[in-house]
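Asker: Following this message is one structure expressed as structure tokens.
Any read-out appearing in this document is the output of simple, stated calculations on the displayed coordinates, not a laboratory observation. All of these numbers come straight from a predicted model, not from anything done at the bench. Here the Cβ positions follow ideal geometry from the backbone for every residue, glycine too, while neighbour counts run over all protein chains shown.
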Amino acid sequence: MIAYKLFKIRKDGSIGSLFINASEKYELNTWMDARPIKKNGFAFRQGFHCLINPSAPHLKLELATGEKRVFFKVEIEDYKYFTRPESQGGEWVLAQRLKILEKD
């Protein structure tokens, strides 16, 4: 299935997660398996959090720190749907496998 995921773009051009396991660098066109990572202050939901449409109104795309966030088209496998409020993008999917394809 094709979905969308918001990533941060670092100053060196690498791609990273916004919040969970934020120091890891992700590669394009490489399958990744979700790992169980718990972080204080966040609900534990194992999997890559993706969206059906590239829209997450509750998250800024450019931060005051200069951090830029960009939606990427991703291919996902072994996923389940997760309903969120429309203000948070509506229906999400939690995927156990993900491959980053390209910037949206």
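Asker: How far, in nm, would the chain grow between Glu27 and Lys68 when pulled straight, counting 0.36 nm per residue and subtracting the alpha carbon separation?
Answerer: Working: separation 41, 0.36 × 41 = 14.76 nm, distance 1.73 nm.
Full-extension gain reported as 13.0 nm.
Asker: Which one of Leu63, Gln46, Gly89 has its Cα pushed farthest toward the positive end of the charge dipole of the range 2-103, where Lys and Arg give +1 and Asp and Glu give -1 at the Cβ?
Answerer: Leu63
Asker: Could you please rank Val74, Val93, placing first whichever residue has the fewest other Cβ atoms within 10 Å of its Cβ?
Answerer: Numbers: Val74 23, Val93 20.
The fewest-first ordering by Cβ neighbours comes to Val93, Val74.
Asker: Return Ser23, Ser17, Ser55, Ser87 ranked ascending by Cβ neighbour count within 10 Å, so the fewest neighbours appear first. Display every interim value, and only then the final one.
Answerer: Details: Ser23 6, Ser17 18, Ser55 14, Ser87 9.
Starting with the residue having the fewest Cβ neighbours, the order is Ser23, Ser87, Ser55, Ser17.
Asker: Compute the distance in nm between two label points, each set 7 Å from the Cα along the Cα-to-Cβ direction, one at Lys80 and one at Met1.
Answerer: 1.2 nm
Asker: Could I ask something else about it? Which value results for Rg/Rh of the chain when Rg is the Cα radius of gyration and Rh the Kirkwood radius based on the inverse mean 1/r?
Answerer: When Rh is taken as the Kirkwood radius, the ratio is 0.92.
Asker: So what are the ³J(HN,Hα) numbers for the range 83-94, from phi and the Karplus equation (6.51, -1.76, 1.60; θ = phi - 60°), rounded to whole Hz, Gly and Pro as x?
Answerer: 7, 10, x, 4, 5, 10, x, x, 6, 10, 10, 9
Asker: Could you count how many Lys pairs in the chain have their Cα atoms under 17 Å apart, skipping same-chain pairs fewer than 8 positions apart?
Answerer: For the chain, qualifying lysine pairs total 26.
Asker: Give me a comma-separated list of calculated 3J(HN,Hα) values for the range 54-71, in order, Karplus coefficients 6.51, -1.76, 1.60 applied at θ = phi - 60°, integers in Hz, x for any Gly or Pro.
Answerer: Coupling constants for the range 54-71: x, 8, 9, x, 7, 10, 7, 8, 10, 9, 4, 6, x, 4, 10, 10, 9, 7 Hz.
Asker: Please list the non-local residues whose amide H lies under 5 Å from the amide H of Gly90, H modeled 1.01 Å from N, same-chain partners needing a gap of 5 or more.
Answerer: Arg84
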